[in-house]
1. Give me the 1.4 Å probe accessible area per residue for segment 95-243, excluding ligands and nucleic acids, in Å².
2. Which ³J(HN,Hα) values in Hz, rounded to whole numbers, follow from the phi angles of segment 171-181 under the Karplus curve 6.51 cos²θ - 1.76 cosθ + 1.60, where θ = phi - 60° and Gly and Pro get x?
3. What lysines sit close enough to Lys228 to cross-link, taking a C-alpha to C-alpha distance under 20 Å and skipping anything fewer than 8 places away on the same chain?
4. Could you give the length gained by full extension between Thr143 and Ala185, i.e. 0.36 nm per residue of separation minus their alpha carbon distance, to one decimal place?
5. Take peptides 299-307, 106-114 and line them up by average Cβ neighbours within 10 Å, highest first, as a rough protection proxy.
6. Once you order the gyration tensor axes a ≥ b ≥ c over the Cα atoms, which shape class does segment 119-192 get: rounded for a/c under 1.5, otherwise prolate or oblate by comparing a/b with b/c?
7. Report the calculated FRET efficiency for Lys316 and Lys193 (r = Cβ-Cβ distance, R0 = 22 Å), to the nearest 0.05.
8. Which lysines have a Cα lying under 21 Å from the Cα of Lys296, excluding residues fewer than 8 positions away in the same chain?
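The values are calculated or read from the model by the stated rules, or taken from the named source; none is laboratory data. Values in this document were obtained by computation on a predicted structure and should not be read as measured data. Here Cβ is always computed from backbone atoms with ideal geometry, including for glycine, and neighbour counts include all displayed protein chains. Quick note on the areas: whole protein, heavy atoms, side chains included, nothing else; ligands and nucleic acids left out. Shrake-Rupley method; radii C 1.70, N 1.55, O 1.52, S 1.80 Å.
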Amino acid sequence: MTAVHRRAGSVTNRTQRRLISMSAQRMTLEQRTSFGMYGIARSLRLAAGLIALAIPLSGCGTGSLWDKFTAKDDTFNEEPADKLYNEGLYLMNQRKDNKAASKKFEEVDRQHPYSDWARKSLLMSAYSFYNSGDYDSCIGAATRYVTLHPGSPDAAYAQYLIAAAHYDQIPDISRDQGRTEKAIAALEEVIRKYPTSEYSNSAKAKLEGARDQLAGKEMDVGRYYMEKRDYTAAINRFKTVVTRYQTTRHVEEALARLTEGYMAIGIVGEAQTAAAVLGHNFPDSRWYKDAYNLVKSGGLEPSENKGSYISRAFKKMGLG
């Protein structure tokens, strides 16, 4: 090989090595650039994500949440018990606003639960509920009072409020008499537990009214069966009035209806007894005249069988 050829080959080799070196440097530079751009892009995406998260958080009320941490809590201001109690009395007696009054009394119990004012306020709350016609709330408050303070001098009044609230809800005789039965039970409780209280006589008067209502219901159903000529069913209703509600105004008619029913099914002995007891206890009653004439129409006379449930019912009550 000539010197020229050797020189040319040497140049060519140097040129190739330079090109390879430059290529390697360029690749390294591109990689660095690529990695650098990737890192920048990644940082930008992370920043954008944080901004995106921050936007809904700020919309969800972080400002108001911060305000809650920094603001002072003045939602509860305790007031003196006597002040709240007297405000309740004013609203009830002067303003005639029983609903607002009951809220004041309840506030006493909420803020001062173990004070004597709370005990008084509980009773006044029941009374204000009663005045506003909120009978269920009245019953609830008065029942709570009796439970918490059974030995209090005002327990009799609380029990009376329970009875009065039930009594005022007694429905017409055409409807279910569940309220009437509850009223009777509550009124009997007043009479039994507090016989010497000032509320006992009032409870007795209301008790008679409630019992009269139940008797009226029985009579109403009994008349219905009489019209249907279902005499046995009718007799059972009139029998209830005679045995359970002898002191009500319905007992005279019940005895006359028993006379009619027993005559209709041929049990004349009970018919005679019903007429005799009616005449003995209510001689001037127009119902006795009807019963007497009905027995006479069958060729019989009123005659009391002392062993009959009718006779025993009136003997038990001291009416026979």
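1. Values: 7600 Å² over 149 residues.
Per residue, segment 95-243 has an accessible area of 51 Å².
2. x, 4, 5, 7, 10, 4, 9, x, 5, 5, 5
3. Within the straight-line limit of under 20 Å, Lys228 reaches these lysines: Lys217, Lys239.
4. Details: separation 42, 0.36 × 42 = 15.12 nm, distance 1.38 nm.
Gain in length upon complete extension: 13.7 nm.
5. Packing proxy ranking, top to bottom: 106-114, 299-307.
6. Details: a/c = 2.91, a/b = 1.59, b/c = 1.84.
Judged from the Cα gyration tensor, segment 119-192 comes out oblate (a/c at least 1.5, b/c at or above a/b).
7. Values: r = 24 Å, r/R0 = 1.11.
Once rounded, the FRET efficiency stands at 0.35.
8. Partners within reach: Lys306.
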